[in-house]
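The values are calculated or read from the model by the stated rules, or taken from the named source; none is laboratory data. What you are looking at is a predicted structure, and each value in this text was computed from that prediction instead of being measured. Virtual Cβ from ideal backbone geometry, glycine too; neighbours counted across all protein chains shown.
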């Protein structure tokens, strides 16, 4: 019984890592769909969200069953409740990839991203992918150092977000109001995606160290 | 022991209701701060978020302790895991009130909301307050019918959100790009606030009925 229980805990963890891979792949595809106005790719992301939601449900139910049958305590209990939270963040990251894909779809055959801000979205897509990859490692290895690094890398996303506003608010911005609204929303989606990655990292840090205040560990 | 346990479950539920009241009050204050450019009120909302975060932490820890010591099963276990999720939604609703307050603060002494869209934000504030009040009732009474109603009322927020875009995109919009960006973000904050209210309602419905698909219950 106990051995099965240990395996089940490890397997739930492996599912979380896989889920973070799925979410990362969804966001990368969504970014490409956005930049290249690739509607087929956007549709793939939108359709794929059902799978991500199903994985979330499955992990939640497995955690619930494990709580009910095995009644874990101490660190094992904390591991299960942490997993139940992390799936929520990952699912939301998948939703945000869908939001990006839907906006790409809405502006087809144009790209929602004018040339002036294309480098910023290229970079945002890159940072998003890097963050979600780090999330996978942090979960797989309960890697506190990686979690702290991840929070620093999130600052890059905040910088990109500010750059976007500078571009859109520059006096020569030629793309009008609709495009400004699109870019504001897109910027928000990428920023929230990064925030959820940080949230996962914080949950892992709390699980391992019992510390909620990441600043206290940055030494 | 068991009697204490039942009391503890009820008390956690009462804390959730109180937390939804705090969050509702924060969003109402934030809306007033926004419409009247009331910076003192905005500061109150921003400062008050620490309390909401502390309540979340406290509820989470109580749920965890209850799981560890009492090892509930079946419906009681589902009640505790649901509470652990609901606090996450409520905390996020508090964050969104803070976002509204911060935007009000940033534009002070102006109001971030031009007269053309003032009625829409008045209505959005009203709907937000109504939704969070319903959330309190749904949690307190495990009220499935109320939860279904709440989801319908969320449609109002989506309508308001669309109206906002129509206003900002109208050819005569005189307030420029910065204002358009503000309104886009504000619209998003109210919409997300409502989404989280719906999410709480869905969790309660799932707790009571075991049904995740709300559409299946709308008959």
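Got at least one residue in segment B:169-189 being surrounded by 16 or more Cβ atoms within 10 Å (Cβ to Cβ), part of a helix (DSSP H, G or I), more than 11 Å from every other protein chain (Cβ to nearest Cβ) and without any contact (Cβ under 8 Å) to a residue 60 or more places away in the chain?
So far as segment B:169-189 goes, no, none of its residues is surrounded by 16 or more Cβ atoms within 10 Å (Cβ to Cβ), part of a helix (DSSP H, G or I), more than 11 Å from every other protein chain (Cβ to nearest Cβ) and without any contact (Cβ under 8 Å) to a residue 60 or more places away in the chain.
Identify all residues within segment B:108-121 that are part of a helix (DSSP H, G or I), surrounded by fewer than 19 Cβ atoms within 10 Å (Cβ to Cβ) and in contact with a helix residue (DSSP H, G or I) (Cβ under 7 Å, 6 or more places away or on another chain); write none if there are none.
B:116, B:118 - these are the residues of segment B:108-121 that are part of a helix (DSSP H, G or I), surrounded by fewer than 19 Cβ atoms within 10 Å (Cβ to Cβ) and in contact with a helix residue (DSSP H, G or I) (Cβ under 7 Å, 6 or more places away or on another chain).
I'd like to know if segment A:33-48 contains one or more residues that are free of Cβ contacts under 8 Å to residues at least 60 places away in the same chain, in a helix (DSSP H, G or I), crowded, with 22+ Cβ neighbours inside 10 Å and within 12 Å of chain B (Cβ to nearest Cβ).
Looking through segment A:33-48, none of the residues is free of Cβ contacts under 8 Å to residues at least 60 places away in the same chain, in a helix (DSSP H, G or I), crowded, with 22+ Cβ neighbours inside 10 Å and within 12 Å of chain B (Cβ to nearest Cβ).
List every residue pair whose Cβ atoms sit under 6 Å apart, with the two residues 6 or more apart in sequence or on different chains, where the first one lies in segment A:51-67 and is within 13 Å of residue A:20 (Cα to Cα) and the second, anywhere, is assigned to a helix (DSSP H, G or I) and modelled with pLDDT of 95 or more.
What qualifies is A:52/A:22; A:52/A:94; A:55/A:19; A:56/A:87; A:56/A:91; A:59/A:15; A:59/A:87.
Given the conditions (1) surrounded by fewer than 20 Cβ atoms within 10 Å (Cβ to Cβ); (2) assigned to a helix (DSSP H, G or I), which single one is not true for residue B:90?
(1)
Considering only segment B:147-179, state which residues are over 21 Å from residue A:164 (Cβ atoms) and over 26 Å from the mean Cα position of the chain (by Cα).
Across segment B:147-179, the qualifying residues are B:170, B:171, B:172, B:174.
Do we find that residue B:123 is at negative phi, within 21 Å of the chain's Cα centre (by Cα) and within 14 Å of another protein chain (Cβ to nearest Cβ) in this structure?
Criteria not met by residue B:123.
Is it the case that residue B:80 is in contact (Cβ under 8 Å) with a residue 24 or more places away in the chain, in a helix (DSSP H, G or I), more than 10 Å from chain A (Cβ to nearest Cβ) and crowded, with 20+ Cβ neighbours inside 10 Å?
no
Check whether at least one residue in segment B:149-159 is crowded, with 18+ Cβ neighbours inside 10 Å, within 11 Å of another protein chain (Cβ to nearest Cβ) and in contact with a helix residue (DSSP H, G or I) (Cβ under 6 Å, 6 or more places away or on another chain), and report yes or no.
No, the conditions are met nowhere in segment B:149-159.
Looking at this structure, is residue B:53 more than 25 Å from residue B:5 (Cβ to Cβ), assigned to a helix (DSSP H, G or I) and within 11 Å of chain A (Cβ to nearest Cβ)?
Details: more than 25 Å from residue B:5 (Cβ to Cβ): yes; assigned to a helix (DSSP H, G or I): yes; within 11 Å of chain A (Cβ to nearest Cβ): yes.
The answer is yes for residue B:53.
Taking residue A:142 as the residue in question, decide whether it is within 14 Å of chain B (Cβ to nearest Cβ) and closer than 25 Å to residue A:87 by Cβ.
no
Could you check how many residues of segment A:204-219 are assigned to a helix (DSSP H, G or I) and within 11 Å of chain B (Cβ to nearest Cβ)? Even if it seems obvious, please write down each step before you answer.
Residues of segment A:204-219 that are assigned to a helix (DSSP H, G or I), as a first pass: A:204-209, A:214-217.
From what's left, within 11 Å of chain B (Cβ to nearest Cβ): A:206.
Summing the residues that are assigned to a helix (DSSP H, G or I) and within 11 Å of chain B (Cβ to nearest Cβ) in segment A:204-219 gives 1.
So which of A:104, A:14 is in contact with a helix residue (DSSP H, G or I) (Cβ under 7 Å, 6 or more places away or on another chain) and either part of a helix (DSSP H, G or I) or at pLDDT 95 or above (or both)? Step through it out loud before you land on a result.
Details: A:14 fails: in contact with a helix residue (DSSP H, G or I) (Cβ under 7 Å, 6 or more places away or on another chain).
Testing whether each residue is in contact with a helix residue (DSSP H, G or I) (Cβ under 7 Å, 6 or more places away or on another chain) and either part of a helix (DSSP H, G or I) or at pLDDT 95 or above (or both) leaves just A:104.
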